[in-house]
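Heads up: the structure comes next, in structure tokens.
The numbers here are math on the coordinates, done by the rules we state, and not lab data. Because the structure is predicted, anything quoted here is derived from the model rather than measured. Because the Cβ atoms are built from the backbone with ideal geometry, glycine has one as well, and the counts that use them run over all protein chains shown.
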Amino acid sequence: MNTIPQKKIPVRRCTGCGEHFPKNELIRVLKTPEGEIVLDETGKKSGRGAYLCRNKDCLKKAQRAHRLESSLEVAIPEEVYNRLSEELA
């Protein structure tokens with residue numbers, strides 16, 4: 001019996017709700033080497049990343065508890081959260 005090995009799907013934890021999901025179902029919030037906070041749709045840009053569900057509620061939870069700030073090791077201004085919220089819509 002020759003079976004084809006299944007490709008391992010990476011799993012990441014949502015910063016907002018804390019649940020684990022396949023990496024491709026989450027959005028990566030990225031701190032670039034220049035210190036800018038952006039959404040990384042491809043998941044391949046260089047920099048420090050944190051993951052969020054495609055859900056505004058998870059972004060709000062992460063904002064209230066300062067989880068993105070601790071994950072990305074940088075203070076995140078309110079306008080960045082507003083931009084992330086618009087991009088999630």
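Here the relative contact order of the chain, from alpha carbon pairs under 8 Å that lie six or more residues apart, stands at 26 percent. One entry in [x] 3, 14, 25, 25, 15, 6, 3, 3, 2, 2, 1, 0; [y] 3, 12, 17, 17, 13, 15, 14, 8, 2, 0; [z] 2, 9, 10, 10, 9, 7, 6, 6, 7, 10, 10, 7, 4, 2, 0 is P(r) over Cα pairs in 5 Å bins from 0, in percent calculated from the shown coordinates; its label is [x].
Inter-label distance, LYS23 to THR42: 1.5 nm, where each label sits 7 Å from its Cα along the C-beta direction.
Among the lysines of region 11-88, pairs that are 8 or more positions apart or on different chains and have alpha carbons within less than 18 Å of each other number 6.
Projected label points at ILE4 and GLU73, each 7 Å from Cα along the beta carbon direction, are separated by 4.1 nanometres.
Please work out how much length the chain gains when fully extended from ARG13 to ASN82, using 0.36 nm per residue of separation minus the C-alpha to C-alpha distance, in nm with one decimal.
Value of the extension gain: 22.6 nm.
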